[in-house]
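The values are calculated or read from the model by the stated rules, or taken from the named source; none is laboratory data. Small disclaimer: the values here were computed from a predicted structure and weren't measured. Cβ sites come from the backbone with ideal geometry, for glycine too, and all protein chains shown count toward neighbours. Keep in mind that these areas ignore ligands, DNA and RNA; they rest on the heavy atoms of the full protein, side chains included. Shrake-Rupley method; radii C 1.70, N 1.55, O 1.52, S 1.80 Å.
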Amino acid sequence: MRAYCGFREFTREDADTLTDWLSQSVVPREFRVGAVTDAAFQWLRGNKIEPPSTGRLQRFVDSAERQYDQPLCQTIHDRLSAAQREALDKLLDAIPLPEDEAGEGELIPRGSVLQNLRTNSEKRGVESVEQQIEKVRLLRKIGLSHSLFADLSPHVLARYRERAATESPSHFRVQAAPVRLTLLAAFCVTRMTELTDSLVTHLIDMVHHINVRAERRVEKKFVKEFRKVNNKERLWEKLLEAVLAKVLSS
């Protein structure tokens, strides 16, 4: 007895139709992990087609994503100038340790420029603000603008940004240039917005912290000066009497 009673077998024609449908209707608007696969299962159930094995279905999903991504990535790649392409590839360069931390004649990498850009500082202070500003400056030097992805669905941009945020520099280096540079550009454009928002939050927190400290200093100074005054209790009594008199007479 078949697991899917009343369902017909999955054919090569079904595979082509499913791949085309996914690439045109699903991939452009979904970026959640597993969303395209879920849509594929729904399509199969809706057409009463017995699903292929999980591994085989995933190959069709991957094929649909490539079918959509390849021409799009080539378009983004062609929009980039030679200088921008070079600057994006430099994000994959390793950051060496200082000379005094490396062995004689040895250069020890400690991540990459890209990995440094991915990090967030949870601390509040001048040092953190300076780090954020430096990252924003680095991204601005690449010269990318949001118009680069103006005709791209926000879902696709989010998917590219997520891929770029998790892939290692070694994986980036083996990818074709159009895909690699599109993912890096998507990360840089969105990361610049994130860092700017984070920088504003840091600055607001710093101003608030400064105000609180200033208020505390003023309060401490007032209390200190008040303690120096002789006959403070009598002064308080006179002050209260004056306030009560004012209230009762009004």
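Here is how the numbers come out for the structure above:
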item: Among residues of region 161-185, those that are part of a helix (DSSP H, G or I) and either farther than 15 Å from ASP69 by Cα or open to solvent by 20 Å² or more (accessible area, probe 1.4 Å) (or both), counted; result: 14
item: Top-ranked residue of region 41-70 - restricted to ones that are in contact (Cβ under 8 Å) with a residue 24 or more places away in the chain and aliphatic (A, V, I, L, M), ranked as farthest from SER153 (Cα to Cα); result: ILE49
item: Residue list for region 25-41, filter: among the aliphatic types (A, V, I, L, M) and within 19 Å of the chain's Cα centre (by Cα); result: VAL33
item: Lone qualifier among GLN84, GLN58, GLN42, GLN70 - being over 30 Å from LEU117 (Cα atoms) and either open to solvent by 80 Å² or more (accessible area, probe 1.4 Å) or modelled with pLDDT of 95 or more (or both); result: GLN42
item: Those residues of region 166-201 which are in contact with a Lys or Arg (Cβ under 6 Å, 6 or more places away or on another chain) and of a type outside the set (S, T, N, Q), in sequence order; result: PHE172, LEU181, LEU183, ALA186, PHE187, LEU195
item: Given (1) under 25 Å from ALA82 (Cα atoms); (2) over 16 Å from the mean Cα position of the chain (by Cα); (3) open to solvent by 40 Å² or more (accessible area, probe 1.4 Å), index of the condition ASN116 fails; result: (2)
item: Search result, residues across region 145-176 that are under 16 Å from the mean Cα position of the chain (by Cα) and of a type in the set (A, V, I, L, M); result: VAL156, LEU157, ALA158, ALA164, ALA165
item: ALA3, sole failed condition from (1) out of contact with any Phe, Trp or Tyr (no Cβ under 6 Å at 6 or more places or on another chain); (2) at pLDDT below 90; (3) assigned to a helix (DSSP H, G or I); result: (3)
item: Region 19-39, subset among the hydroxyl-bearing types (Ser, Thr, Tyr) and in contact (Cβ under 8 Å) with a residue 24 or more places away in the chain, residue most open to solvent (accessible area, probe 1.4 Å); result: THR37
item: Filter result (modelled with pLDDT of 85 or more, basic (Lys, Arg) and farther than 18 Å from PHE172 by Cα) within region 108-150; result: LYS135, ARG137, ARG140, LYS141
